[in-house]
Each structure stands twice: as C-alpha cells, then as structure tokens.
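Have a look at the structure below, then the notes.
The values are calculated or read from the model by the stated rules, or taken from the named source; none is laboratory data. Only a predicted model underlies this, so the values are computations on that prediction, with no experimental measurement involved. Cβ placement follows ideal geometry from the backbone for every residue including glycine, while neighbour counts extend to all protein chains displayed. The protein model used for the area step is the full one, side chains on, heavy atoms only, and it has no ligands, DNA or RNA in it. Shrake-Rupley method; radii C 1.70, N 1.55, O 1.52, S 1.80 Å.
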Amino acid sequence: QVQLVESGGGLVQPGGSLRLSCAASISIYSIDLMGWFRQAPGKEREFVARITWSGDYTYYADSVKGRFTISRNNDKNTVYLKMNSLRPEDTAVYYCYKDPPRAWGQGTQVTVSS
C-alpha cells in the first residue's frame, strides 16, 4: 500500500506563494497519474491539478490555471504544486493523490489571509 505524505502548507498573505510537496513511499516511475485536490470548509473536495508519469501532460482546474504549476521528480518520488498569486479563496486542505488505484495523502492546510 503506497503512502503519500504532503508538506509545505501554511499561512500566507494574499498575493503570496507556497510550494507543496507530496512524497510517495514507492517509486513513482510506475504511477500513471498524480495530482492534487483541495477541500475548503463546508465544501466538497475539488480537483486542482494532475500530471502524467512522464510529466509531459498536465491539466488544471480553471480556478488555478496560470497561477499554479504541477511538476514531478521521479528520482525523488515527489510531486510538487507551486502556487503563486494566492487568493483567500484558495484556502483549503490540499490532498495529494495517485491513480490507479486511487490513494490519498493525509492533507496539508493552506490558509491565505492578511
């Protein structure tokens, strides 16, 4: 059973940046897709971004397109989410995931507030 561990969350002011990391307990060379979801208080979990194993193909939610960048380093078994121009509405718990089969990390809190 693969384990995914997120890190890098925290409190940041509007307009600021953060980089989230997701470290896998196995080699991610064999993982087709990895990505991120987020869940704000009182809302459903929503898709943020995903990346293929080669890193050649990425896909973003419209709400983060142009501000967030997903990348992966297969040698380090890690996926990253660089978040720029953060807004208060980006506040949420961010979850890393993999497919297939689907597995989730425990989440990391991101709070955007002045």
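Summary of values
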{"quantity": "Highest-MSF residue in the chain out of GLY42, GLY55, GLY15 [GNM, Cα springs under 10 Å]", "calculated": "GLY42"}
{"quantity": "Loop-located GluC sites (Glu not before Pro) in segment 1-76 whose Cβ has at most 16 other Cβ within 10 Å (DSSP)", "calculated": "GLU44"}
{"quantity": "For GLY16, distant residues with modelled amide H under 5 Å away", "calculated": "LEU86"}
{"quantity": "Assigned charges on the beta-carbon of Lys, Arg, Asp, Glu; segment 1-79 dipole about Cα centre (debye)", "calculated": "200"}
{"quantity": "Distance between segment 5-31 and segment 39-96 - C-alpha centres, whole angstrom", "calculated": "9"}
{"quantity": "Heavy-atom surface of the chain, accessible at 1.4 Å and reported per residue (Å²)", "calculated": "54"}
{"quantity": "The chain, accessible surface, carbon-and-sulfur percent (1.4 angstrom probe)", "calculated": "47"}
{"quantity": "Cα pair distances exceeding 14 angstrom across segment 40-81, given as percent", "calculated": "53"}
{"quantity": "Semi-axis lengths, Å, the chain, gyration tensor of Cα atoms, sqrt of 5 times eigenvalues", "calculated": "23, 14, 13"}
{"quantity": "Gaussian network model of the chain, Cα within-10 Å springs - most flexible of ARG72, ARG50, ARG87", "calculated": "ARG87"}
{"quantity": "Global geometry of segment 70-110, whether rounded, prolate or oblate, following the gyration tensor of its Cα atoms and the 1.5 cut on a/c", "calculated": "oblate"}
{"quantity": "For the chain, built as a Gaussian network whose Cα springs stay under 10 Å, the top-fluctuating residue of SER54, SER30, SER17", "calculated": "SER30"}
{"quantity": "Neighbourhood net charge (14 Å Cβ-Cβ; Lys/Arg +1, Asp/Glu -1) for ASP99", "calculated": "+3"}
{"quantity": "Among beta bridges that DSSP assigns inside the chain, antiparallel share in %, nearest 5", "calculated": "90"}
